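S.K.: Sharing a structure with you now.
The values are calculated or read from the model by the stated rules, or taken from the named source; none is laboratory data. On a predicted model such as this, the values are computed, not experimentally measured, just so you know. Cβ placement follows ideal geometry from the backbone for every residue including glycine, while neighbour counts extend to all protein chains displayed. Areas reflect the complete protein model, heavy atoms only, side chains present, ligands, DNA and RNA absent. Shrake-Rupley method; radii C 1.70, N 1.55, O 1.52, S 1.80 Å.
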Amino acid sequence: MISPSILSCDFTNVKKDFDAMNEAKADFVHIDIMDGNYVPNISFGPSIVSQFRKLTDIDFDVHLMINEPEKYIEDFVKAGANIITIHPDSTLHLNRTINLIKSFGIKAGIAINPAQELSILDYTLEDIDLVLIMSVNPGFGGQSFIESSTRKVEDVKKIINNAKSKCLIEVDGGIKLNNALKVYNAGADILVAGSAIFGSENPKKTIIKFKELLK
Ligand code: DX5
Ligand code: ZN
């Protein structure tokens with residue numbers, strides 16, 4: 001499955017990029033929320049997300065790169081989030097925050113940064129719906145894929161299979177048409193792609209190409 005990251009879309013004509021995602025039948029819309037605190041960049045908040053909600057029926061895959069995400073979960077649910085993914089080191093009581101997300105009847109994910117180990121899954125896997133493997137350091141679109149991420153995806157896949165869990169694996173950062181298959185074959189279920197889609201000549205065609213590649 002493909003989750004285009006709108007961080008790289010054309011914000012002077014955002015409807016055009018949402019039309020491309022609608023017409024190409026993207027599986028999700030990946031929405032990066034940055035607070036200039038957990039990550040060194042600022043994007044946008046829930047009121048903008050609720051505006052995006054008017055442009056598509058595709059599920060919103062909201063990636064919170066903010067400190068104390070528990071303060072804003074309800075706002076993003078109201079804005080239309082279908083999945084909310086948080087970073088474990090951004091919240092003091094991770095289990096409580098995961099439960100808070102799920103209390104709204106939506107899916108909960110946790111994101112693992114490039115240098116972070118997988119031991120956090122020992123006591124969270126049974127409570128979450130998705131593991132987001134960051135294949136770049138969070139904060140910016142257009143960075144290069146960190147190669148050790150492929151091995152990490154394989155390792156997460158093993159953990160999920162051993163636990164007989166239905167948890168999905170999403171990979172975020174530096175995904176292009178020429179490395180997508182490698183990551184998919186390592187065990188990813190959902191690939192995020194921002195600059196590869198919205199930096200391309202024809203975003204609609206590029207989404208279709210990703211979908212064909214990942215069939
Ligand atoms: C980075 C974000 C990514 C980013 C991906 O912090 O989480 O979702 O938009 O952009 P590309 O695909 O350009 O690496
Ligand atoms: Zn992201």
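S.K.: Give the carbon-plus-sulfur fraction of the accessible surface of region 2-213 in %, rounded to a whole number; probe 1.4 Å, heavy atoms of protein chains only.
M.R.: Details: 4740 of 9690 Å².
Answer for region 2-213: carbon and sulfur cover 49 percent of the accessible area.
S.K.: Ok, one more. Name the long-range amide H neighbours of Ile169: under 5 Å, sequence gap of 5 or more, or other chain; modelled H, no Pro or chain starts.
M.R.: Amide H neighbours of Ile169: Val131, Asp189, Ile190.
S.K.: Could you pull out every one of the aspartates and glutamates with an alpha carbon less than 16 Å from that of Lys182, ignoring same-chain neighbours closer than 8 positions?
M.R.: Glu147, Glu154, Asp155, Glu170, Asp172, Glu212
S.K.: Provide the per-residue ³J(HN,Hα) series for region 206-215, in order, calculated from phi with Karplus coefficients 6.51, -1.76, 1.60 and θ = phi - 60°, each as a whole number of Hz, with x at glycine and proline positions.
M.R.: These are the phi-based 3J(HN,Hα) values: 5, 4, 4, 4, 4, 5, 5, 4, 9, 4 Hz.
S.K.: Given bins 10 angstrom wide, list per bin the percent of all Cα-Cα distances in the chain, short to long.
M.R.: Percent of pairs per bin, in order: 9, 37, 40, 14, 0.
S.K.: Related question: Within 10 Å, count the other beta carbons around each residue, average over each peptide in 32-40, 87-95, and list them highest first. Let's see the in-between values first.
M.R.: Working: 32-40: 18.2, 87-95: 16.3.
Going by the mean number of other Cβ atoms within 10 Å, highest first, we get 32-40, 87-95.
S.K.: Looking at the chain as a GNM with Cα springs under 10 Å, which of Lys15, Lys164, Lys25 has the largest mean-square fluctuation?
M.R.: Lys164
S.K.: Which cross-chain or sequence-distant (5 or more) residues have an amide H under 5 Å from the amide H of Ser5, H modelled 1.01 Å from N in plane?
M.R.: Residues meeting the criterion, in which the H sits 1.01 Å from N, are His30, Ala193, Gly194.
S.K.: For region 117-205, take N as its residue count and report Rg(C-alpha) divided by 2.2 N^0.38 Å.
M.R.: Working: Rg = 13.6 Å, N = 89, 2.2 N^0.38 = 12.1 Å.
Cα-based Rg divided by the globular estimate yields 1.12.
S.K.: Using only Cα atoms, locate the centre of region 139-177 and the centre of region 1-54, then give the distance between them in Å, rounded to an integer.
M.R.: First find each Cα centre; the distance between them is then 21 Å.
S.K.: Which peptide among 120-127, 55-62, 71-78 comes first, and what is the full order, when sorted by highest mean count of other Cβ atoms within 10 Å? Don't skip to the answer; put the middle values down first.
M.R.: Numbers: 120-127: 14.5, 55-62: 19.0, 71-78: 16.9.
Ranked from most to least packed, the peptides come out as 55-62, 71-78, 120-127.
S.K.: Roll a 1.4 Å probe over the protein chains and send me the accessible area per residue for region 2-213 in Å². Don't skip to the end; give the middle numbers.
M.R.: Details: 9690 Å² over 212 residues.
Here the per-residue accessible area is 46 Å².
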